[in-house]
Each structure stands twice: as C-alpha cells, then as structure tokens.
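Values in this text are rule-based calculations from the coordinates and carry no lab data. Keep in mind that this is a model prediction, so the values were computed, not measured. Please note: Cβ atoms are built from the backbone with ideal geometry, for glycine as well, and neighbour counts cover all protein chains shown.
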Amino acid sequence: MIEVIRISWIFSVVKTTQKVNGLLYYLRKLPLIGKKIPVTVYNSYELKKILTVLIFIWKALMTLGAKFLWLGLSYVLSFFAIRFFSGGPFVLIPLDQTIVKQGLLFWIGWLGIMSIFNGIWYSMDNNEVNFLDQFSLPRQRFVRGRLMLLNIVETVKYWPAFFIYGLLLRNPLRVIIVGSLSYLAISLFFYWLGRKTYTLTLSQRRGITWTIFFAVILLVAADFWLDPTAKVMSGLLHPVCWLPLLILTILCGYKLLYFDDEGGYLIWQVERLRNLDAAAPSAKNSQYLGQGLSMQKKLELEADSNETLSGSQYLNDLLFKRYHRILQRNLFIRLAVIGATWLLVIAGSLFGVLKDAKEAELIGLLPLLFFTMYLASFGKTIVQMVFVNCDVAMLYYPFYREASTILSGFFYRFRKTLFYNGSIILGILLLFITFTLLNPGILSLQFFMVLVLLLFSLAVLFSFHELFIYYVLQPFTSEMEVTNPLYKIISGIFYGIAYLNLQLNVTGLSYALLVSGLSLVYIAIGLVILWKKAPQTFRIKE
C-alpha cells in the first residue's frame, strides 16, 4: 500500500503539473495579456511548483466544501420534500431529529445513484494509461490499489462534514462510522460490479444499471413518503449494525482486489479508450462546430441560386437555398414550442386561470426572453453552417478576404439570421397579444411599446453577436478545431449573461429599456470594429 500511495502521489503531481503547463500555454494565447508573458516562463521550476501547490490547496478546499454541500443539500431536500408531502410546517428550527436521520439516508441513496455510474461505467483516462506505460508500472496492481486509495481518501474528506452533521444528531462518532462504512461499501461494490458485468452486451449493462437506479429511487421515495424509514437510519446508527457494515465493506474490498479477470477488464478499458480517442477529433469541438458538421450530411445539391447574383453573394445565396429545408425545419420546431405555449395561454385564459394575472408579474418574465432567445437563436447554427460548408474552403482565395467581400457576406448572412430570429420574436409577440386579447385591461400600451422595443433589440442582438465574433476572431482551423481561446471565453461570458438574466428580479420596465439600449450600443460599436478589423482577422487559422 505504501508503494501505491507513493505512485499515486507522483501521478497526481504529474497530472497537476500538466495542468499548470496548459494554463501557462493558454494564458500566452490570450491577446494583450499573452504578449507580456515571456516564453521563459516555462523554464521557471519555482513558479510551477508554487502554482502546483496552490492548485492542490484549491482542490482540497473545494472538495471539502463539496462534502458539506452534499450533506447539507441532502438534509434540505429531505426536509422540504417530507414537509411538502406530509403538509407539515416549513420551519427549519428547531431541527426535527427524524428528518435529520432521513436526510442522512437520502445522502446514502444519492451516493448509490452516483456510484452506479462511477462504478459500472467507470472508464480509465489517457493520463492513467500514459502514466502506466511511461513508467512501466504493473497495471493491475496500480489501478486496483489506486481505486482503493482514492475511496479511502474521499471517505476521510467527508469526516469534517460527518462530524458537523453528527452534531445535529448529538453523536458525531456514529455518523462518521456509518457514513464512512456506507461510502466505502457502496463505492467498492459498484466498482466490483462494473468488472463483473464488463463482458455483457451494452443493452444488458444498461438494463442492470437502470434496474438498480430505479430500486434506489424507490428507496429515496420511501425516505420522503414513509416516516418509518427514519427507523432504518436509526438502526444503521446503532453499534449493533456496525459489524455487518464493516463485514460488507471488507467483502466488497476483497472482491475488488481479487477479481479474477482483472487483466481482461483492463485490456477492454484500454481498447475502449482508444476507440473513443479515434472518434474524439470529430467530437472535440462539437459545441462550436457540431451543428455545422451535422447539417453538412444533409446537404441538398439540387438547389439553384439566383443567376443575377455574382461573387460571394452568389455563393451565400446558393448556400442558404441548399440549407433552406433544414433551417425551415429547425424554425418550425422552435415555432411549435411557441405554439404549444400559445395553446396553454388560450386554455388558461378561457378557464380563468390567468384572469388574476398582473402586469407586474408579466414584467418579471421579461428577463426570461433573453435566455429564451439565447437557446432559440439561429446565430450559432448559421455561423457553423457557413464555415463548414463555405468559408473553410473559400478563405484560401485572396478575393474572398477583400474588405468589400467580407462586409458584403456579413450583411447578407446577418439579414438571413435576422429573418429566422425575427420569426421567433414574432411568435413570442403573438403570445402577449393573444393574452391581452383574452384578458383585456391587464397589460398597458406602455408595456407593449417597451416589449416591442425589447423584442426588436433581442432579434437584432442575437442575429448580430455570433456573426460578429466569428468575423472578428475567426477561431476555426481547416481541421475543424478552435484555436482562439478568446472565442471560447466570449462564448462562455455570453452564456453567463444569458443565465444571469434568469436570476434577476425585475419589477419595472427599466430592465427592457436598459437591455435594448445596451444591445443597440453594442451593435453600433461592433459594426465599427467589424469595418476596421474583419479584413485582417477573417482568415483560416493555423
């Protein structure tokens, strides 16, 4: 075990050091900041050592915090679920000892669900395989020993959270013992079961997984609905049950450590990993180009372009006509969702469900429109479509990179994107019009004026944004990879802004005016940047 601990520590240090190198490389790729970081930073051993230690500390703190979070969340969910189904008062203090025990049982059930997928569907990663090969380590002893060690370490990390939770039950020692043995027994059992079932077909393994999954769900449901389940936890906390739990843990550990076909299992894991690596290039940047690659398979070559057009206009016109049916189908899906909501509005209005609605409540829904448009927008779809099916080939030609051609292509694509996004916006506007016709007197004219401004701004913003950052950054290579980290950062920030809109508590129309104003200012500044920078940046990246 000492050897396993030593090798596992070396593996963790190597893995963390690789992350540090990747972080430094990533920072040097950033515009402005990257130029100020010298290449010699890679040779600074002391800097890397400090960063490695900081990352270890950060990971340790985050892991300990997560343990408190899971136990606390288990209690809170149990409390609200039990109070909801029983009709009891939603008063957290004083603590109900019965619910505290049921919260611990819910944590064990949640642990079982996670262990199903971590164990039965366990997969080695490239770092482990490469480490084993580079240092010529005994594969079976390292993998099994490291799994045992990791589970013991994870259990120890739970001890502070177990101690605090145990104080709620006035017996921390019992919670630490039962929690630790439960964690080890469940985790080791599913790691062993994953080995036992690896030779089965995919459908058989799925069947076993979902059978156990629903059995655990029934346990969780019983924990919420049946008060006697708290007695189960009381029994587990009694010292009489500690010996059976210990025996079960030792048995699961023995089964894992002495599994007969460990060699065959690890060979299967490595082959599976290699198959995934072979498919990785096509899936690596699926978030950024997956839709475009998927649409490429459905290309319709029979479309005819307008013969009066020429140059890039002709190419764009032909491209959008070839993908007309696919884009229309995607639009119909989005409109069908809006149509279903429209029917609900009609039904709610006719049956009087919405008659007591107030304008202030509907104003509170306005931030939802921002996130809705983020999900429904055609911006990403069209950017991926035009790069994969046109720009990846045409950007090698000098005429295609001329300023007039770039700007002409941008505005053509912007109009097309605005058409599809505008159709969605009109559908959303129809929802509000239908509501006010069936429920007169609730929404004011001022509300509708601001609503129309907001919807117009969102249509233009989401039609402009993706095309703008695509033309200014053009992050894609001919190998369908993303090389510009700034593109990923901006994409993440924009998603964060969309998500944060859901957290806003809006009570007035100033939100709509602010979003509209900022959107239009952003577009105006973006057009200036596009005019000056796109001719220099819109090219294939190496």
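Would you mind checking Lys19/Lys380; Lys59/Lys380; Lys488/Lys541; Lys380/Lys541; Lys488/Lys533 for any pair whose Cα atoms are more than 22 angstrom apart? Could you put the intermediate results ahead of the total?
On the way: Lys19/Lys380 30 Å; Lys59/Lys380 34 Å; Lys488/Lys541 15 Å; Lys380/Lys541 19 Å; Lys488/Lys533 19 Å.
Exceeds cut-off: Lys19/Lys380; Lys59/Lys380.
Can you list the trypsin sites (Lys or Arg not before Pro) in segment 327-378 that are in a DSSP coil and have 13 or fewer other beta carbons within 10 angstrom?
Here the sparse-neighbourhood loop sites are Lys355, Lys358.
As a test of the formula, what do you get for the chain when each DSSP H run with n ≥ 4 contributes -39,500 (n - 2.57) and the sum is divided by the residue count, at 222 nm and rounded to the nearest 500 deg cm²/dmol?
Theoretical 222 nm ellipticity from helices: -26000 deg cm²/dmol.
From a point 7 Å beyond the Cα of Phe411 in the direction of its Cβ, which residues of segment 512-538 have a backbone N at a distance under 14 Å?
Of the residues in segment 512-538, 527-528, 530-532 have backbone N under 14 Å from the label point off Phe411.
Placing +1 at every Lys and Arg Cβ and -1 at every Asp and Glu Cβ, with all other atoms neutral, what dipole size does the chain have around its Cα centre, in debye to the nearest 20?
Roughly 880 debye for the chain.
Equivalent-ellipsoid semi-axes (√(5λ), Cα gyration tensor) for the chain, whole Å, largest first?
Result for the chain: semi-axes of 49, 36, 23 Å.
Once you've got the Cα coordinates, tell me which of Lys15/Lys49; Lys321/Lys416; Lys67/Lys255 are over 19 Å apart.
Cα-Cα > 19 Å for Lys67/Lys255; rest within.
On the first, second and third principal axes, largest extent first, how far apart are the outermost C-alpha atoms of segment 311-537 in Å?
Projected onto the principal axes, the Cα atoms of segment 311-537 cover 63, 34, 27 Å.
Work out the FRET efficiency for Ala222 and Gln97 from their Cβ-Cβ distance, taking R0 = 22 Å, and round it to the nearest 0.05. Kindly include the intermediate steps, with their values, before the conclusion.
Working: r = 19 Å, r/R0 = 0.85.
Result of the calculation: an efficiency of 0.75.
Taking R0 as 41 Å, what's the FRET efficiency between Val153 and Ile540 from their Cβ-Cβ distance, rounded to 0.05? The partial results should precede the final answer.
Details: r = 47 Å, r/R0 = 1.14.
For Val153 and Ile540, the calculated efficiency is 0.30.
Obtain the nm distance between the two label points defined at Ala357 and Met124 by a simple spin-label model: each point lies 7 Å from its Cα along the Cα-to-C-beta direction.
Going from the Ala357 label point to the Met124 one covers 5.8 nm.
Return the tail of the calculated pair distribution for segment 346-408, meaning the percent of Cα-Cα pairs more than 21 Å apart. Display every interim value, and only then the final one.
Details: 1119 of 1953 pairs.
Percent of Cα pairs beyond 21 Å in segment 346-408: 57.
Between Leu77 and Leu202, what is the label-to-label distance in nm when each label sits 7 Å out along the Cα-to-Cβ direction?
Label-label distance for Leu77 and Leu202, simple model: 2.9 nm.
Can you tell me how much longer the chain between Phe419 and Leu438 gets when fully stretched, taken as 0.36 nm per residue apart minus their C-alpha distance, in nm with one decimal?
Values: separation 19, 0.36 × 19 = 6.84 nm, distance 2.86 nm.
That pair, Phe419 and Leu438, stretches by 4.0 nm at full extension.
Consider all pairwise Cα distances in segment 151-226 and report the whole-number % of them above 18 Å. Intermediate values should be presented prior to the final figure.
Numbers: 1672 of 2850 pairs.
When every Cα pair of segment 151-226 is considered, 59 percent fall beyond 18 Å.
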